[in-house]
Amino acid sequence: MGDMETCLGLLFKNKGKGVLTEKEFVFTASMDHRWFSPKEAQVLLELGIKRGLLTRTEGFVKPTFVFKDIEVPQSFKPCKDILRDIEPEVSAFSLILDEIAKSTGQTKRDIVARINKVQDRLGVDIEIAALAVAKDSGIDISRFVESVRKEVLSR
């Protein structure tokens, strides 16, 4: 079992519960154990979900693995490195840019120049401009729309 699983499992084991509210999870990791700041505890929660170690349902989280048999020394403290996202997330812009390059045979430099012109002309986010250029290049953009929406709205 890795450090992430040990850390997550120990939170549930020490609470004596198989399900915690998100707030309770963050409070336990930050205040009860003093392992992380509340913000870092929220990152831990999100990474646990992203990696499939936790599931979220209507404000509650639960582990997707058996945690009851975890045996850890009393002095256990997780390393802050577990908060790093090991797999860097590829941006929607990069995916669209790669698709345009593959479909048109143009260099990425030329495509970025086109995208920048569209962005300046329309006054939109770069991802939106990339969608416009992709559409103009005859590419089906439907698979990119949701990720672009999420990225733009997250700002």
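Observations on the structure shown:
- Candidate set from the range 132-142 (those that are of a type outside the set (A, V, I, L, M) and in a helix (DSSP H, G or I)); member that is nearest to SER154 (Cα to Cα): SER142
- Filter pass, LEU153 being closer than 26 Å to LEU47 by Cβ and surrounded by 13 or more Cβ atoms within 10 Å (Cβ to Cβ): no
- Residue within the range 47-57 that is among the polar types (S, T, N, Q) and under 22 Å from VAL72 (Cα atoms) present: no
- Residue that is assigned to a helix (DSSP H, G or I) and in contact (Cβ under 8 Å) with a residue 24 or more places away in the chain, where the choices are ILE70, ILE111, ILE100: ILE100
Per-residue answers, yes or no, for (1) at pLDDT 95 or above; (2) closer than 19 Å to VAL152 by Cβ:
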position: THR64; (1), (2): no, no
position: PHE76; (1), (2): no, no
position: ASP85; (1), (2): no, no
position: PRO88; (1), (2): no, no
position: GLY105; (1), (2): yes, no
position: ILE115; (1), (2): yes, yes
position: VAL124; (1), (2): yes, yes
position: ALA130; (1), (2): yes, yes
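- Selection of the range 73-97 for residues being under 30 Å from ASP140 (Cα atoms) and either part of a loop (DSSP other than H, G, I, E, B) or out of contact with any Ser or Thr (no Cβ under 6 Å at 6 or more places or on another chain) (or both) yields GLU87, PRO88, GLU89, VAL90, SER91, PHE93, SER94, LEU95, ILE96, LEU97.
- Taking the numbered list (1) at positive phi; (2) under 22 Å from the mean Cα position of the chain (by Cα); (3) among the small types (Gly, Ala, Ser) in turn, GLY105 passes all entries but (2).
- The one condition from (1) surrounded by 14 or more Cβ atoms within 10 Å (Cβ to Cβ); (2) within 21 Å of the chain's Cα centre (by Cα); (3) of a type outside the set (A, V, I, L, M, F, W, C) that ARG84 does not meet is (1).
- Scanning the range 111-136 for residues that are more than 15 Å from LEU95 (Cα to Cα) and touching a helix residue (DSSP H, G or I) at 6+ places or on another chain (Cβ under 6 Å) gives ARG114, VAL118, GLN119, ASP125.
- Subset of the range 5-60 [surrounded by fewer than 20 Cβ atoms within 10 Å (Cβ to Cβ), touching a residue at least 40 places away in the same chain (Cβ under 8 Å), assigned to a helix (DSSP H, G or I) and within 21 Å of the chain's Cα centre (by Cα)]: GLU5, THR6, GLU40, VAL43, LEU47
- Residue in the range 137-147 that is farther than 28 Å from LYS23 by Cβ, modelled with pLDDT of 95 or more and touching a Phe, Trp or Tyr at 6+ places or on another chain (Cβ under 7 Å) present: no
The values are calculated or read from the model by the stated rules, or taken from the named source; none is laboratory data. The model shown is predicted, which means the values in this text are computed figures rather than measured ones. All Cβ positions, even for glycine, are placed from backbone atoms using ideal geometry, and neighbour counts span all protein chains on display.
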